[in-house]
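Below: the structure, in structure tokens.
Just so it is clear, none of the values below were taken in a lab; they were calculated from the coordinates. Worth saying up front: this structure is predicted, and the values here are computed from it rather than measured. Cβ: placed from backbone, ideal geometry, glycine included. Neighbour counts: every protein chain shown.
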Amino acid sequence: MTEVLREPQQDRSRMTRQRLLEAAIECLADVGWSGSTVAVVAERAGVSRGAAQHHFPTREDLFTSAVEYVTTERLAMLRAQAADLPAGPDRVRAVLALVERMYTAPLFRAAIHLWVAATSDERLSERITGLEAQVGRECHRTVIDLLGVDETRPGVREAVQATLDLGRGLGLANLLTDDTRRRRRVLDQWATMLSASLVS
């Protein structure tokens, strides 16, 4: 009987945690670091502040865990789409479209707010530096897998890193104004150049 009761309780705890993580990303993207308190996130998630602090004792715990969780979820979704990607040059364009979405989504906007806050908060900076290194490695590995290329070939690693750097820069340019038309032209040109470099 105890086991039967424990499972629904664990499920509720997992669901509460997930709602808090997703609400934290929404808050960061919408109102930035200064407006994203644990109380605000708890209210948005529909849970008590006490429940939020039970799962995440500090504000830093909540927001770094949120970025890590949502990034992991998004990368898993990207990997799941690998089987549906076309072959040949169209594959490169399809992967670039996925990279574009990754850097124009609310998750990226939320991460930017965390990066900026970390520049003046030493405790947060320590958490973010490690997290960003981990996220960077996972993004790189995912794009390598989606493109289906051999990273040991000369220039491939650098080309993929340049793709991620380009995506990040275009995402930044999109924060203040809708940069869609210019971004699409840049990515279209990059797709041609990247395809050529990967097959040469």
- Message: With a cap of 14 neighbouring Cβ atoms within 10 Å, and only residues DSSP puts in a loop, list the chymotrypsin sites (Phe, Trp or Tyr not before Pro) found in segment 1-73.
- Response: none
- Task: Report, to the nearest 10°, how far helix 156-173 tilts away from the longest principal axis of the Cα atoms in the chain, using its own Cα long axis and a range of 0 to 90°.
- Result: 60 degrees
- Note on the structure: In degrees rounded to 10, the 0-90 angle between helix 122-147 Cα long axis and the longest Cα principal axis of the chain is 40 degrees
- When the convex hull of the Cα atoms of the chain is projected onto a plane and the area is averaged over all directions, what value comes out in nm²? 13.8 nm²
